[in-house]
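Engineer: What follows is a structure written as structure tokens; I'll ask about it next.
The values are calculated or read from the model by the stated rules, or taken from the named source; none is laboratory data. If you're wondering where the values come from, they're calculated on a predicted model, not measured in any experiment. We place every Cβ from the backbone using ideal geometry, glycine too, and count neighbours over all the protein chains shown.
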Amino acid sequence: MEGNSCDVLITNGTVVIPKVGTFQKHILIENGKIKDLRKSIDSIQASKKIDANQKYVLPGVIDPHVHYGVYTPINEAAKTESRSAAVGGVTTMVRMLRLYESYRNIGKHLTASKGNHHIDYAIHASILTPDQLKDIPYLKNIGISSVKVYMNLGSDLRHISMDLDPGTYDITDGEVNMTDEFLVSIINEASKVDSTVLLHAENPVVCSERISKRKVQEIQNGPATTAKLKTWCDCRPPSSEAESIIKVTKFASNICSKLYFVHIGSTVALNTILTEKQKRPSSLSIETCPHYLTHTADFDNITGKVVPPLRSKRDIQNIWSALQNGNIDTIGTDHVANRLSMKIGHGDLWTALAGFPGIATMLPVLLSKGVNEDRMSIERVSEVTSYNTAKIFGMYPKKGTIQQGSDADLIIVDLDLEQKVTPEILQSYSDYTIYDGWRMRGWPILTMVRGEVIMQNGLVNNDTLGHGAFVARPTTTDDKLYEQLQ
Ligand SMILES: [Zn+2]
């Protein structure tokens, strides 16, 4: 009778298997993995049953772009932000780690992460100094097979906050000068070990000149011209993104590289990448973020300051189309776990911090504005939030699908559930959200990570703290090897 028993049984759901189809099936889960998908559950014995009647079951969301551990140390940020992630149906979050020292010291971050996550997590390592070039093969060996490059740092815009040392609160800034030579070296070293290069494509010379000019104007003309988000958008134009995209794809053209463009929100940047992609078939992937689907530069609130900036209504339409038609591969939040008091700085555009929270609202945005308003299919949602992300970042088929042997990272989605967004229901360290007061229809009502229910009906089970495990990439479905990597 072994084949007819399981630990957890999810019954009667409409199961979305990316690239395969949508089926009425029951899901059998054992030892944290999908054991089988069945049409009938006659004679099946399960220790626990979950009814998904009238609901969709999707592979858990993988958020490939999360900043946490910058304003509170990772040992705390992991608790709050993985909780918020679970509220939003995220089952794996990828930390955009910024160290100024050698990544050989990453052990303290791995230790501080362990035991503090509700959901699974992986890491991208930002390469910020030439000394870190030699860390790239080391990172690959410990399961970090992606590096981030900030092409936007240089000229007068060199300062960036590093992640906090675990257990401490002293924010440290680093100076980064991303020269062409440095950029090429990173792509070279990453390609040698088959690591993916994540690119923030903006030209710091253009941006810093425009920002300085605007600040001078403001001093001359007085406070009547006080800059708003529209100004931020003008200071960091899409043309500067395009310039950097063309430059880096040219540099990479002779190297067998895997490039991944983060946070693409402008039509110009998107089309530039698509054009480059036609020229050379090597691996170029594109990520967008939820705020580029919902907010324009006319959003009259300083909390909307983000890099690259919010764009126009036309851009929003184009990003939605590209998400549905396959031109955009993934969506990530660019979540920044900060508080409103830090965010607004001195209350003006220049001192406000860039970035805001978004990990709990990404899926609701896609369900509410996408699926329920006919901009996107639910199958496509499962591809851009999970399947493609898992494939690009070496987690497939352990993550990113619902098939025999895969991790039971599953979410149950209620497309009819309507909720008003407040910071409280999102349960992050952040006490604000750019969606405050929005009524969204379509929410995850259950988040499961490797067979364990982390969130149900918006409530996160405190006992699941520590269930989240580090995902070493590329993953293997070989259990023994996977355990060794833990
Ligand atoms: Zn980011």
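Engineer: Could you look through the stretch 297-314, keep only residues that are within 13 Å of THR267 (Cα to Cα) and within 20 Å of the chain's Cα centre (by Cα), and pick out the one that is nearest to the ligand (Cβ to nearest atom)? Full working, then the answer.
Structural biologist: So the first thing to find is which residues in the stretch 297-314 are within 13 Å of THR267 (Cα to Cα), and the list is 308-314.
Keeping just the survivors that are within 20 Å of the chain's Cα centre (by Cα) gives 308-311.
Details: PRO308: 10, PRO309: 13, LEU310: 15, ARG311: 17 Å.
Per the stated criteria, the residue is PRO308.
Engineer: Given the condition more than 22 Å from ASP131 (Cα to Cα) and touching a Cys at 6+ places or on another chain (Cβ under 9 Å), answer yes or no: does some residue in the stretch 220-230 qualify?
Structural biologist: Step one: list which residues in the stretch 220-230 are more than 22 Å from ASP131 (Cα to Cα), which gives 220-230.
Checking which are touching a Cys at 6+ places or on another chain (Cβ under 9 Å) leaves us with 227.
Yes; the residues of the stretch 220-230 include at least one that is more than 22 Å from ASP131 (Cα to Cα) and touching a Cys at 6+ places or on another chain (Cβ under 9 Å).
Engineer: Residue by residue through the stretch 267-292, note down the ones that are more than 16 Å from the ligand (Cβ to nearest atom), more than 16 Å from GLY326 (Cβ to Cβ) and assigned to a loop (DSSP other than H, G, I, E, B).
Structural biologist: ARG280, SER282
Engineer: Quick one: how many residues across the stretch 152-175 are within 20 Å of ALA190 (Cβ to Cβ) and touching a His at 6+ places or on another chain (Cβ under 6 Å)?
Structural biologist: 1
Engineer: Continuing with this model, one more query. Somewhere in the stretch 365-376, is a residue more than 16 Å from the ligand (Cβ to nearest atom), modelled with pLDDT under 95 and of a type outside the set (A, V, I, L, M)? Working first, answer last.
Structural biologist: Looking only at the stretch 365-376, we keep the residues that are more than 16 Å from the ligand (Cβ to nearest atom), and these are 365-376.
Still in the list and also modelled with pLDDT under 95: none.
No, the stretch 365-376 has no match at all.
Engineer: I've got another one for you. (1) free of Cβ contacts under 8 Å to residues at least 60 places away in the same chain; (2) surrounded by fewer than 22 Cβ atoms within 10 Å (Cβ to Cβ): which one isn't true of ASP180, the others all being true?
Structural biologist: If we test ASP180 against (1) free of Cβ contacts under 8 Å to residues at least 60 places away in the same chain; (2) surrounded by fewer than 22 Cβ atoms within 10 Å (Cβ to Cβ), just (1) comes out false.
Engineer: What strands (runs of 3 or more DSSP E), lying completely within the stretch 131-201, carry at least 3 residues that are within 16 Å of the ligand (Cβ to nearest atom)?
Structural biologist: Details: elements: 146-150, 159-161, 173-175, 196-200.
In the stretch 131-201, the matching strands (runs of 3 or more DSSP E) lie at 146-150, 159-161, 196-200.
Engineer: Can you name the residue in the stretch 202-213 that is of a type in the set (S, T, N, Q) and buried (at least 17 other Cβ atoms within 10 Å of the Cβ) and, of all such residues, is nearest to the ligand (Cβ to nearest atom)?
Structural biologist: Initial filter on the stretch 202-213 (of a type in the set (S, T, N, Q)): 203, 208, 212.
Now narrow it down to the ones that are buried (at least 17 other Cβ atoms within 10 Å of the Cβ): 203, 208.
On the way: ASN203: 17, SER208: 19 Å.
By that ranking, first place goes to ASN203.
Engineer: Do we find that VAL216 is aliphatic (A, V, I, L, M), away from the ligand (no atom under 16 Å from the Cβ) and either crowded, with 18+ Cβ neighbours inside 10 Å or assigned by TED's automatic domain parsing to the domain that holds LEU284 (or both) in this structure? Steps first, answer last, please.
Structural biologist: On the way: aliphatic (A, V, I, L, M): yes; away from the ligand (no atom under 16 Å from the Cβ): yes; either crowded, with 18+ Cβ neighbours inside 10 Å or assigned by TED's automatic domain parsing to the domain that holds LEU284 (or both): yes.
The answer is yes for VAL216.
Engineer: Which residue is surrounded by the fewest Cβ atoms within 10 Å (Cβ to Cβ), if the candidates are limited to the stretch 365-405 and must be under 20 Å from LYS55 (Cβ atoms) and hydroxyl-bearing (Ser, Thr, Tyr)?
Structural biologist: SER377
Engineer: Can I ask one more? Inside the stretch 327-351, can you point out the residues that are within 16 Å of the ligand (Cβ to nearest atom) and in a loop (DSSP other than H, G, I, E, B)?
Structural biologist: Here is the first cut: in the stretch 327-351, the ones within 16 Å of the ligand (Cβ to nearest atom) are 330-338, 343.
Listed by number, the residues that qualify are GLY332, THR333, ASP334, ALA337, ASN338.
Engineer: Another question, if that's okay. Examine the stretch 235-252 for a residue that is within 16 Å of the ligand (Cβ to nearest atom), touching a residue at least 24 places away in the same chain (Cβ under 8 Å), within 26 Å of ASN301 (Cβ to Cβ) and outside any helix (DSSP H, G or I), and state whether such a residue exists. Talk me through it step by step, then tell me what you get.
Structural biologist: Restricting attention to the stretch 235-252, the residues satisfying the condition of being within 16 Å of the ligand (Cβ to nearest atom) are 236, 241, 244.
From what is left, the residues that are touching a residue at least 24 places away in the same chain (Cβ under 8 Å) are 236, 241, 244.
In the following step, the residues that additionally are within 26 Å of ASN301 (Cβ to Cβ) were identified as 236, 241.
Now drop any that are not outside any helix (DSSP H, G or I), which leaves 236.
Taking every residue of the stretch 235-252 in turn, at least one turns out to be within 16 Å of the ligand (Cβ to nearest atom), touching a residue at least 24 places away in the same chain (Cβ under 8 Å), within 26 Å of ASN301 (Cβ to Cβ) and outside any helix (DSSP H, G or I).
Engineer: If you take just the strands (runs of 3 or more DSSP E) that sit entirely in the stretch 1-79, which of them hold at least 3 residues that are under 23 Å from the mean Cα position of the chain (by Cα)?
Structural biologist: On the way: elements: 5-17, 21-30, 33-38, 45-51, 56-59, 61-67.
Counting at least 3 such residues, we get 56-59, 61-67.
Engineer: Sticking with this one: For the stretch 97-123, name all the residues that are part of a loop (DSSP other than H, G, I, E, B) and within 24 Å of GLY451 (Cβ to Cβ).
Structural biologist: To start, the set of residues in the stretch 97-123 that are part of a loop (DSSP other than H, G, I, E, B) comprises 98-102, 106, 114-119.
Once the filter is applied, which keeps residues that are part of a loop (DSSP other than H, G, I, E, B) and within 24 Å of GLY451 (Cβ to Cβ), the stretch 97-123 yields LYS114, GLY115, ASN116, HIS117, HIS118, ILE119.
Engineer: For ALA322, indicate whether it is assigned by TED's automatic domain parsing to the domain that holds SER382, within 16 Å of the ligand (Cβ to nearest atom) and either in contact with a Ser or Thr (Cβ under 9 Å, 6 or more places away or on another chain) or over 23 Å from ILE392 (Cα atoms) (or both).
Structural biologist: Working: assigned by TED's automatic domain parsing to the domain that holds SER382: yes; within 16 Å of the ligand (Cβ to nearest atom): no; either in contact with a Ser or Thr (Cβ under 9 Å, 6 or more places away or on another chain) or over 23 Å from ILE392 (Cα atoms) (or both): yes.
No; evaluated as a whole, the condition is false for this residue.
Engineer: I need the full set of residues from the stretch 323-353 which are closer than 27 Å to VAL384 by Cβ and surrounded by fewer than 21 Cβ atoms within 10 Å (Cβ to Cβ), in order please.
Structural biologist: First, pick out the residues of the stretch 323-353 that are closer than 27 Å to VAL384 by Cβ: 323-338.
Listed by number, the residues that qualify are GLN324, ASN325, GLY326, ASN327.
Engineer: Moving on to the next point. Filter the stretch 162-176 down to residues that are surrounded by 17 or more Cβ atoms within 10 Å (Cβ to Cβ) and in contact (Cβ under 8 Å) with a residue 60 or more places away in the chain and give me whichever is farthest from ALA352 (Cα to Cα). It would help to see each step written out before you state the result.
Structural biologist: Kept after step one, since they are surrounded by 17 or more Cβ atoms within 10 Å (Cβ to Cβ), are these residues of the stretch 162-176: 162-166, 174, 176.
Applying the additional criterion that residues be in contact (Cβ under 8 Å) with a residue 60 or more places away in the chain yields 162-166, 174.
Values: MET162: 17, ASP163: 19, LEU164: 20, ASP165: 23, PRO166: 25, GLY174: 18 Å.
Per the stated criteria, the residue is PRO166.
Engineer: How many residues does the stretch 30-49 contain that are within 24 Å of PRO397 (Cα to Cα) and of a type in the set (A, V, I, L, M)?
Structural biologist: Taking the stretch 30-49 first, the residues within 24 Å of PRO397 (Cα to Cα) are 30-39.
From what is left, the residues that are of a type in the set (A, V, I, L, M) are 34, 37.
Within the stretch 30-49, residues that are within 24 Å of PRO397 (Cα to Cα) and of a type in the set (A, V, I, L, M) number 2.
Engineer: Kindly establish whether ALA85 is crowded, with 24+ Cβ neighbours inside 10 Å, assigned by TED's automatic domain parsing to the domain that holds ALA360, under 25 Å from LYS399 (Cα atoms) and more than 16 Å from the ligand (Cβ to nearest atom). Before the answer, list the steps.
Structural biologist: On the way: crowded, with 24+ Cβ neighbours inside 10 Å: yes; assigned by TED's automatic domain parsing to the domain that holds ALA360: yes; under 25 Å from LYS399 (Cα atoms): yes; more than 16 Å from the ligand (Cβ to nearest atom): no.
Judged against the criteria, ALA85 is not a match.
Engineer: Taking the condition of being in contact with a strand residue (DSSP E or B) (Cβ under 7 Å, 6 or more places away or on another chain) and either in a strand (DSSP E or B) or closer than 19 Å to TYR435 by Cβ (or both), how many residues in the stretch 293-326 meet it? It would help to see each step written out before you state the result.
Structural biologist: Step one: list which residues in the stretch 293-326 are in contact with a strand residue (DSSP E or B) (Cβ under 7 Å, 6 or more places away or on another chain), which gives 296-297, 310-313, 316, 319, 323.
If we keep only those that are either in a strand (DSSP E or B) or closer than 19 Å to TYR435 by Cβ (or both) too, we end up with 296-297, 310-311, 313, 316, 319, 323.
Residues flagged as in contact with a strand residue (DSSP E or B) (Cβ under 7 Å, 6 or more places away or on another chain) and either in a strand (DSSP E or B) or closer than 19 Å to TYR435 by Cβ (or both) within the stretch 293-326 amount to 8.
Engineer: Given the criterion away from the ligand (no atom under 16 Å from the Cβ), hydroxyl-bearing (Ser, Thr, Tyr) and over 30 Å from GLY107 (Cβ atoms), identify the matching residue among THR72, THR80, THR14. Please lay out each step first, then the result.
Structural biologist: On the way: THR72 fails: over 30 Å from GLY107 (Cβ atoms); THR80 fails: over 30 Å from GLY107 (Cβ atoms).
From the options THR72, THR80, THR14, the qualifying one is THR14.
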